[in-house]
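First comes the structure, then the notes that go with it.
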């Protein structure tokens, strides 16, 4: 059934695109209403709507609210901007990578006049610089989006993009990446986001707040001294409550076991990511640690599925879809900063984060009110 639906969608796409390119529909003419066109073509309205979305992204038509769907003029089609998204396909297969949640924001924001296309990063990783530049030039892209961060500036695809001389936006990167690459950026203030998660737990009365982290601290990277100072300033520092674990269930379960064996175990835990927190919730259930009665759990980053966990997971949401939309808008306005007559620094846009409160943290503590 699925293959049948996919075939019908592809068949309809080919048919409508051919009709437009061959001039069956004249430039700037309005298509029939969706209900009439779907009946004429013998397809469901949902299938037609999906195909019209694809044709709009290619710049072949434009959809105006309350007015209808119009065929684009040849001049408008020539001016369509192509944005090439370089995506590591290994990340695509791993749900924990932010690119999986930023990408839909990019694609969803592309309307008439902008075409997005995903290119596997692996295509250029093994090329020498000149070959990679030629490959990227042949894509005829007006701009590029890349993901990740902590760039050294010596990565071959970074050197290719610098030599190519086109606008580039890094989505979900780190502050120093802007200085290293010279590219535009859209990102989160990771340090402030992490601090706000800890401060929320403290505000709920927790004074024994554990940190479950990867070796590289969120917002602090390898600067453990700065993180210690933050915890000391908040009066919640206990070195034994900082646990480093790789992203796998056994290590995260082991870290939780060690924490709960302490003479004074934590009452709350700040997790390196929502995916660390998912492993932690599973381990807590197996170990008989009640969430949030025994231990409040805060995630970090805003994975879309956190509200469906048991219990629903509180998190510091980075608003990844908004990050993707903003990355596209930066490229669409690249003439204001990349091609500007006056020298202009590339944008470095910080998307506001949000502490999202859910069941996993909805138990407060009163112990501190009795301290003298």
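Since every read-out is calculated from the coordinates, none of them should be taken as a lab result. In this text the structure is predicted, and so the values were computed from the model without any measurement. FYI the Cβ positions are ideal-geometry reconstructions off the backbone, even for glycines, and counts take in every protein chain you see.
Hey, what angle do you get for helix 2-21 against the long axis of the chain, alpha-carbon based, 0 to 90 degrees rounded to 10?
40
Taking only DSSP H segments of four or more residues, each worth -39500 (n - 2.57), what value at 222 nm results for the chain once the sum is divided by all its residues, to the nearest 500 deg cm²/dmol?
Working: 15 runs with 154 residues, N = 372.
Mean residue ellipticity at 222 nm (helix-derived): -12500 deg cm²/dmol.
Once the Cα atoms of helix 224-233 and of the chain are each reduced to a long axis, what angle between those two axes, in degrees from 0 to 90 to the nearest 10, is obtained?
60
Can you give me the convex hull volume of the Cα atoms of segment 78-226, divided per residue and expressed in Å³?
On the way: hull volume 20.7 nm³, N = 149.
Taking only Cα atoms, segment 78-226 has a hull volume of 139 Å³ per residue.
On a 0 to 90 degree scale, rounded to 10, what angle separates helix 320-332 from the longest Cα axis of the chain?
40
If you count the DSSP beta bridges with both ends in the chain, what percent of them are antiparallel, to the nearest 5?
The antiparallel proportion sits near 20 percent.
At a 10 Å Cβ-Cβ cut-off, how would you order 253, 190, 150, fewest neighbours first? Please report the intermediate quantities before stating the final value.
Working: 253 18, 190 23, 150 11.
Ordered by Cβ neighbours within 10 Å, fewest first: 150, 253, 190.
What is the extension gain from residue 50 to residue 350, computed as 0.36 nm multiplied by their sequence separation minus the C-alpha to C-alpha distance, in nm to one decimal?
Working: separation 300, 0.36 × 300 = 108.00 nm, distance 3.22 nm.
Full extension from residue 50 to residue 350 adds 104.8 nm.
How big is D for the chain, in µm² s⁻¹ as a whole number, if Stokes-Einstein is applied with the Kirkwood radius of its Cα pairs at 10 °C and 1.306 mPa s? Before the final figure, lay out each step's value.
Details: Rh = 23.5 Å.
Estimated via Stokes-Einstein, D reaches 68 µm²/s.
Of all DSSP beta bridges in segment 152-285, what percent run antiparallel (nearest 5)? Don't skip to the end; give the middle numbers.
On the way: 1 of 11 bridges.
Around 10 percent antiparallel, to the nearest 5.
Ranked from highest to lowest mean number of other Cβ atoms within 10 Å per residue, what is the order of the peptides 232-242, 52-62? Walk me through the numbers on the way to the answer.
Values: 232-242: 14.2, 52-62: 19.4.
Top to bottom by mean Cβ count within 10 Å: 52-62, 232-242.
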